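None of the figures in this text is laboratory data; all of them are computed from the coordinates on show. This structure is a prediction, so every number in the text was calculated from the model and none was measured. All Cβ positions, even for glycine, are placed from backbone atoms using ideal geometry, and neighbour counts span all protein chains on display.
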Amino acid sequence: MNDIRFDGRVAIVTGAGGGLGREYALLLARRGARVVVNDIGSPDELLGTGSSDSPANSVVHEITALGGEAIADTHTVATGDGGRAIVGTALDVWGRVDIVINNAGIVGPIKTFAELTDEDVDTVLGVQLLGPFNVLRPAWKAMVDQGYGRILNISSGSMFGQGEACTYPTAKAGMIGMTTNLGLAGPAYGIKVNALLPVGFTRMVENMPEPALSWLRDTFPAAVVAPVAAFLVSEDVPCSGLSFSAGGGRFARVFLGEAHGVTSAQLTIEEVRDKFDTAMETIGAETITNVGDELELYAAKLSGQ
């Protein structure tokens, strides 16, 4: 089979000045894409404070040294104006936007839930959740107009649960909801949207204690996530609206499911209590990819099928 190429395609990768975003940008460029390397250049990836054009420019230099085409962009994803400016960079220079990888992110301060300030919440959600909205709204219009697009939303395994510091995982879970919905709408316009939950060693995890830190560094190099990301924004990707995990040379689908549950003609509080364990049983659970799947499951159970 032919190699997967991105010749003639224009890609925007946010947060591409280092870590996973850098690897996505480099691989796309090696395969022929022209890349907008977006990064505000914050020296503190946890808090997202400060800015510098050095990280984005450094990756652009790497790409051009390889013979590729790239341009640096330092606008923030956290505002609508920033999102429009990022997309405008691609349109002004190359006249189109074929690929968007929403990778930019910050973890935010590690605090208990009660300690979180309004600023803490607004800052993290502004980058992690509103950021993809800000970039995708203008990019979506360009993709609809040209009849083609590929979008990859970078989520996180933290959405499975990591405790009180939940602004980051809440935003990452929200990106799954965005992916599911845009993934259903996109194919009518020639657009496919998927999500990736990467496991890769970056500056964001450098504060982890040993031995977990060394295990992550040795087992999950960022570069091995990039092939999965690149395939999910290629012409060949067969799906839209789905989520995948990738890391350490492994990748797998991540999905929502629903157990078979309990059906009763006249459900009471006491019956809920008495049959709660049955409702919790996950063996034979159904995969749910849209609201119609859940309604079909309800229809089947309530009709006695």
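Results, tabulated for the structure shown:
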read-out	value
Theoretical gain in end-to-end length, ILE110 to LYS275 [0.36 nm per residue, Cα-Cα removed]	55.5 nm
Alpha-carbon Rg/Rh ratio, for the range 257-302, with Rh computed the Kirkwood way	1.00
Relative contact order, percent, the range 257-302 [alpha-carbon distance under 8 Å, six or more residues apart]	52
Backbone HN-Hα couplings from phi across the range 123-131 [Karplus 6.51/-1.76/1.60, Hz, Gly and Pro as x]	5, 5, 5, x, 8, 6, 10, 6, x
Footprinting exposure proxy for VAL199, VAL13 (fewest neighbouring C-beta atoms within 10 Å first)	VAL199, VAL13
Cα shape, the range 106-258, gyration tensor, a/c 1.5 rule	oblate
Cα-based Lys pair tally, the chain, threshold under 25 Å, eight or more apart or on separate chains	5
Dipole magnitude of the range 257-302, debye to nearest 20 (Cβ charges: Lys/Arg +1, Asp/Glu -1, about Cα centre)	80
Dmax and Rg, reported as Rg then Dmax, of the range 178-305 (C-alpha, Å)	20.1, 56
Relative contact order, percent, the chain [alpha-carbon distance under 8 Å, six or more residues apart]	15
Distant-in-sequence amide H partners of VAL254 (H built 1.01 Å from N, under 5 Å)	SER243, PHE244, SER245
Other-chain or far-sequence residues with amide H under 5 Å of GLU69's (modelled H)	VAL35
Solution diffusion estimate, µm²/s, Stokes-Einstein, the range 106-190, Kirkwood Rh from C-alpha pairs, 4 °C, viscosity 1.567 mPa s	93
Backbone HN-Hα couplings from phi across the range 8-24 [Karplus 6.51/-1.76/1.60, Hz, Gly and Pro as x]	x, 8, 10, 10, 10, 10, 7, x, 9, x, x, x, 5, x, 4, 5, 4
Square roots of five times the Cα gyration tensor eigenvalues for the chain, Å	35, 24, 18
Lys, Arg +1 and Asp, Glu -1 on Cβ, resulting dipole of the chain about Cα centre, debye, nearest 20	880
Peptide ranges 248-254, 2-8 listed from the most packed, as the mean C-beta count within 10 angstrom indicates	248-254, 2-8
The range 1-142: antiparallel DSSP beta bridges as a percent of all, rounded to 5	5
The chain - share of DSSP beta bridges that are antiparallel (%, nearest 5)	25
Antiparallel DSSP beta bridges within the range 164-305, as percent of all bridges there, nearest 5	65
Listed residues THR123, MET178, ALA142: farthest to the positive end of the dipole of the range 112-202 (Cβ charges)	ALA142
HIS75, HIS260 arranged by Cβ crowding within 10 Å, fewest neighbours leading	HIS260, HIS75
Extension gain from ARG137 to ASN290, taking 0.36 nm per residue of separation minus the Cα-Cα distance	52.9 nm
Cα centroid separation - the range 130-164 against the range 1-28, whole Å	16
Charged-residue dipole, Cβ positions (Lys, Arg, Asp, Glu), the range 89-229 about Cα centre, Debye nearest 20	600
Exposure proxy order (Cβ contacts within 10 Å, fewest to most) of TYR189, TYR24	TYR189, TYR24
In nm, spacing of pseudo-spin labels at LEU213 and VAL121 (7 Å Cα→C-beta vector)	3.2
Relative contact order (%) - criterion: Cα under 8 Å, at least six apart; region: the range 1-95	26
